[in-house]
Structures are given as structure tokens and as C-alpha cells.
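Below is one structure, written out as C-alpha cells, with a few remarks after it.
The values are calculated or read from the model by the stated rules, or taken from the named source; none is laboratory data. Everything quoted here is computed from the prediction, not taken from an experiment. A quick note on method: Cβ atoms are made from the backbone with ideal geometry, for glycine too, and the neighbour counts reach across all protein chains shown. Quick note on the areas: whole protein, heavy atoms, side chains included, nothing else; ligands and nucleic acids left out. Shrake-Rupley method; radii C 1.70, N 1.55, O 1.52, S 1.80 Å.
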Amino acid sequence: MSKTIDIQDSKTIYPSGLDSSHSSYSSISSSYPITNAYDSADSTNYAYITCITGSRASTYVSLTFDVSDIPEGVNIDSVECEVKLRVSSTNYISTAVVQLYKGSTAKGSSVSARTTTATKYTISSPGTWTRDELDDIEIRYTGTRGTSNTSRAAYLYFYGATLTINYSQHGTAYTVTATSTVSGVTPSPATQDIIEGGEAVVIPNAEGNRTTP
């Protein structure tokens with residue numbers, strides 16, 4: 001007997017590229033290139049981004065993710081992100097925030113990330129996503145100057161980000177019931193729901209049989 005069930009899965013992804021069309025900065029250090037940020041939120045390396053000068057000037061860098069391993073047509077159950085960041089000076093940068101984007105559109109809420117100590121932040125409520133929207137998912141780190149010290153050198157440090165996407169899709173499962181020909185051995189569990197193409201081990205000993213739908 002078969003039935004339709006929700007099959008759940010999860011992918012963990014790191015940044016894979018810079019979206020220059022959604023980034024604005026003075027320069028990126030060749031000694032600490034943007035490729036250093038193509039790593040997890042646990043990274044100890046960083047990309048070194050020089051901030052734009054001027055009153056209220058904003059510097060931002062947007063990194064993209066390769067989501068091609070996530071099947072088309074699935075339901076996106078949740079999107080979670082951890083990111084590691086710091087700024088060079090809170091005297092020269094008045095605000096710093098990090099947020100997930102769909103291209104140029106902000107998703108969910110921003111998280112304040114204005115500290116001179118390398119800190120890991122969790123973006124816990126990045127809004128809802130469809131599978132198609134994930135093709136344009138980005139993380140953006142923005143630092144904005146105040147009205148004083150506007151020409152002083154200031155930098156953003158981006159260490160890395162860990163994006164976890166949980167998704168589900170409909171699939172076919174078969175209910176199988178096993179019996180044993182070995183005296184005194186009872187399959188456990190005797191009845192299981194097995195996803196199409198999967199395999200069930202129903203007797204946990206050397207004489208056990210395998211049942212495949």
C-alpha cells in the first residue's frame with residue numbers, strides 16, 4: 001500500500017560570490033580579499049572592506065549563495081542564517097546592520113552588528129521564501145557613518161556566513177510488513193513506511209532480512 005507523505009531535508013550553504021550591483025564601498029584589501037568571506041560563520045579569516053567617506057555615507061557589501069542543490073518545486077519551511085562580522089571603529093561608524101535580501105529587496109528584519117569584536121550573529125526571522133526566490137538570496141552587511149569623523153578611515157570585516165535552508169516535498173511511501181522464518185525472531189518494527197527507493201532494516205541481527213518497496 002502506498003501513500004503520499006512530506007519528505008523533509010536540509011542544506012547548509014556558504015557564500016559563493018559578490019553581487020557588485022548591490023554593493024557599494026571604497027575598496028577591498030588585496031591582502032584580505034572578498035573570497036575570504038566565502039566561508040562559514042565559524043571562519044577566522046575575513047574580507048577587509050574600506051568604507052566610503054562623507055556624512056551619513058553608507059558602505060555595503062552583498063554576498064550571494066549557490067542554491068542549485070535544492071530541488072525545484074519544494075516547499076521552503078525555514079531559512080536560518082548565522083554570520084560573523086565586526087567594524088573597525090564605533091567612533092567612525094554610527095550604525096551597522098546585516099540582513100538577508102532577495103536581490104535588492106530586504107527580507108525579514110535586520111540585525112544590529114556594530115561592534116569591534118568579531119561576533120557571530122543569528123538572523124532568526126528572515127521572512128518567508130519560495131524556491132524561486134532563493135535563486136536571488138543574498139546577505140548584505142551595511143555600515144553607515146554619522147555626521148562627525150566622516151573622513152576618517154573605517155572598515156567593515158566580513159568573516160563568513162552559514163545559511164541553512166530547511167525544505168520539504170511530497171513523496172510516495174510504501175507500508176511494508178515483515179515476517180521472519182527464523183524461530184524465535186520477531187521483526188521490529190514489523191510495519192514501516194518506506195520512501196520509494198529506500199530500504200528498511202527490520203531485524204537488527206545477523207540473520208535479519210531487508211525489505212525494499
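Can you give me the number of residues within the range 33-48 that are of a type outside the set (D, E, K, R), assigned to a loop (DSSP other than H, G, I, E, B), touching a residue at least 24 places away in the same chain (Cβ under 8 Å) and farther than 23 Å from Ser94 by Cβ? Selection size over the range 33-48: 6. Can you confirm whether the range 103-117 contains a residue that is touching a strand residue (DSSP E or B) at 6+ places or on another chain (Cβ under 9 Å), farther than 20 Å from Val67 by Cα, at pLDDT 95 or above and open to solvent by less than 30 Å² (accessible area, probe 1.4 Å)? Yes, the range 103-117 contains at least one residue that is touching a strand residue (DSSP E or B) at 6+ places or on another chain (Cβ under 9 Å), farther than 20 Å from Val67 by Cα, at pLDDT 95 or above and open to solvent by less than 30 Å² (accessible area, probe 1.4 Å). The single residue among Thr162, Thr211 that is surrounded by 13 or more Cβ atoms within 10 Å (Cβ to Cβ), modelled with pLDDT of 95 or more and more than 26 Å from Asn91 (Cβ to Cβ) turns out to be Thr162.
Give me the residue from the range 49-75 that is over 19 Å from Thr144 (Cα atoms), part of a strand (DSSP E or B) and at pLDDT 95 or above and, out of that set, most open to solvent (accessible area, probe 1.4 Å). Selected residue: Thr64.
Within the range 132-154, the only residue that satisfies the criterion of being in contact with a strand residue (DSSP E or B) (Cβ under 6 Å, 6 or more places away or on another chain) and over 17 Å from Tyr60 (Cβ atoms) is Glu133.
Filter the range 118-135 down to residues that are of a type outside the set (Lys, Arg) and surrounded by 16 or more Cβ atoms within 10 Å (Cβ to Cβ) and give me whichever is nearest to Phe158 (Cα to Cα). Filtering the range 118-135 for residues that are of a type outside the set (Lys, Arg) and surrounded by 16 or more Cβ atoms within 10 Å (Cβ to Cβ), the one nearest to Phe158 (Cα to Cα) comes out as Tyr121. Looking across the range 30-47, the residues that are open to solvent by less than 50 Å² (accessible area, probe 1.4 Å) and in contact with a Ser or Thr (Cβ under 7 Å, 6 or more places away or on another chain) come down to Ser40, Ala41.
The set of residues in the range 17-28 being assigned to a loop (DSSP other than H, G, I, E, B) and open to solvent by less than 30 Å² (accessible area, probe 1.4 Å) consists of Asp19, Ser23.
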